[in-house]
Amino acid sequence: MRTWLTPENNKYMLHIELTNLCNAACPICPRYWASTPLTRPGLEPTSITVEQFKQWFSPEFLKTQVQRVMLCGNQGDPFVCKDIIPILEYVTAYLPKNMALITHSNGGVRKPDVWKRAGELLQGSERWYMWFSIDGLRDTNHLYRRNVNWDKLMENVHAFMSTGGSAYWDLLVFKHNEHQVQEIRDLSTQLGFLGTRVKNPDGLFWDNKIQVRGVYDKDGILEHYLESATDPQYINAPANAVRSNIFPSKHIDIPEVRTANFSNDSYDIYEESSISCKSLLKNGSEIMVQCDGLILPCCYIGEIWSSGRTDDAKIQLQHMWDIEKMYLTKNSFSSIMNYFDSTIMSSWNQPDYDSGKCMYCAKICGQDSPIDRLIHTKASYNA
C-alpha cells in the first residue's frame, strides 16, 4: 500500500515554499487583504535559509529519495528569498538530472546577475526549468501582477535566457489581455521560451458565476476591474496543469484540471464520498513544505492553512492535528511522514465529519469532488 512513509519507488515530490514574501501584489493572492496591496494581518515574514534547507534535505536524501523539487509558494515568490541562488546551487549539485527541478517566479525582482546565475543552473536537463508568470505585455501585465515593472522583468528574462537557461511562459488570460495571446506567443518564441501555457485564473471566476472582480489600492479605493475572458477558447483554458514532469517545446495535448468551484460547493455533499488522495496517486508522495518548516500533505491544504480565512474545514484540521508534530524544525522528516500515515490516512475511513473524517480531503479528493468532476479534460501547449 502506498503511504507517505513508504511512497512508490521510495521517492517524494517536494513542493517547497521558500518564502512568504513577494514583490508583486496580485489581487487574489492569499497573502493580501481583500484585493488590496495590504498584507493580511498575522502573516509573519519568513524565508528558508540555505542552512535550514541543507539540514532538512541532506545530499543523500536529494540523491535517492526525491523525484521532483518544485520551488513555488502559495504566498511568496522564490526569488524574493535571499538564499535562492545558494539553494539552487545546492539542489543542482545533488539532485539527479533525470529528476525534475521546477522554479516559479514573476521575474520582477532581483538584479540581472542573479538571473544569469539561475539560468546557468537551470539547464542541462529537459526536466530542469523556470516558469515565468507573465500575464500580458507592457500595457497589461501590471493589471494583475501589480508592482512588477515591465522593463525590469524583460531585463531579467534576457539575463536568464542569455545563459541558455530553460523556461516557459505562464499566462493567465483575462478580458484585458485575451486579444494579446498570439502576440505573447510570438514574443515568447522570440525571447527563447520553450513554450507558452495559456490558462484561466483559477479561483477568480468560479464556474463563470463571478465575471468581474474589483482591484483596490491600500485605502480601499477602486483601481480597476478584472473581468473574465470572453473568448470561449480562453474561458475553457486549463486552470492548473496536471503535474507533468516535462513540457516539450512542440504542440502537445496533456491531461488538465479546469477551474473547480471550491467556493460555492458546500462540504456536506462530500461527507459520504470515498477519498482517493491525489498526493498519493502519483508515482511518489507529494508533500508541501512551507517556509516556516511546516510540512503539509498537499498544496490544497497548504492554501487553506496559510490563508487568512477561517471556515469549518480549517477549524476541523486545527483540532484533528497536533501541528507541533509536523514541523521540520522540531521533528525528523520520517517521523512527520509516519504521523501523516497514522493521522491523516486514518481519518479518511471515518463515516462522517463528526467522527473525524477530513472535510477538506473529502471536498478536494472525494468521489465526485470538484477536482474529480473536472480532471478529465485536455489543454494545448504551444511553443
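Quick notes on this one:
- Total residues in the stretch 27-67, condition of a type in the set (Lys, Arg) and either in contact with a Lys or Arg (Cβ under 7 Å, 6 or more places away or on another chain) or on the phi > 0 side of the Ramachandran plot (or both): 2
Conditions (1) more than 26 Å from Asp113 (Cβ to Cβ); (2) of a type in the set (Val, Ile, Thr); (3) not in a helix (DSSP H, G or I), marked per residue:
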site: Leu143; (1), (2), (3): yes, no, no
site: Asn147; (1), (2), (3): no, no, yes
site: Met161; (1), (2), (3): no, no, no
site: Leu187; (1), (2), (3): no, no, no
site: Gln190; (1), (2), (3): no, no, no
site: Phe193; (1), (2), (3): no, no, yes
site: Val215; (1), (2), (3): yes, yes, yes
site: Asp219; (1), (2), (3): yes, no, yes
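- Tally of residues being under 23 Å from Leu5 (Cα atoms), touching a strand residue (DSSP E or B) at 6+ places or on another chain (Cβ under 7 Å) and in a helix (DSSP H, G or I) across the stretch 60-113: 1
- Residue match in the stretch 174-181 (condition: modelled with pLDDT under 95, hydrophobic (A, V, I, L, M, F, W, C) and surrounded by 21 or more Cβ atoms within 10 Å (Cβ to Cβ)): yes
- Residue, surrounded by the fewest Cβ atoms within 10 Å (Cβ to Cβ), within the stretch 110-146, restricted to residues that are more than 21 Å from Arg185 (Cα to Cα) and in contact with a Lys or Arg (Cβ under 8 Å, 6 or more places away or on another chain): Gly124
- Of the helices (runs of 4 or more DSSP H) lying entirely inside the stretch 301-367, the ones with 1 or more residues being of a type in the set (Ser, Thr, Tyr) are found at 333-339, 345-348, 359-365.
The values are calculated or read from the model by the stated rules, or taken from the named source; none is laboratory data. Please read all numbers here as calculations on a predicted model, not as lab measurements. Don't worry about glycine lacking a Cβ; one is built from the backbone with ideal geometry, like all the others, and counts go over all protein chains shown.
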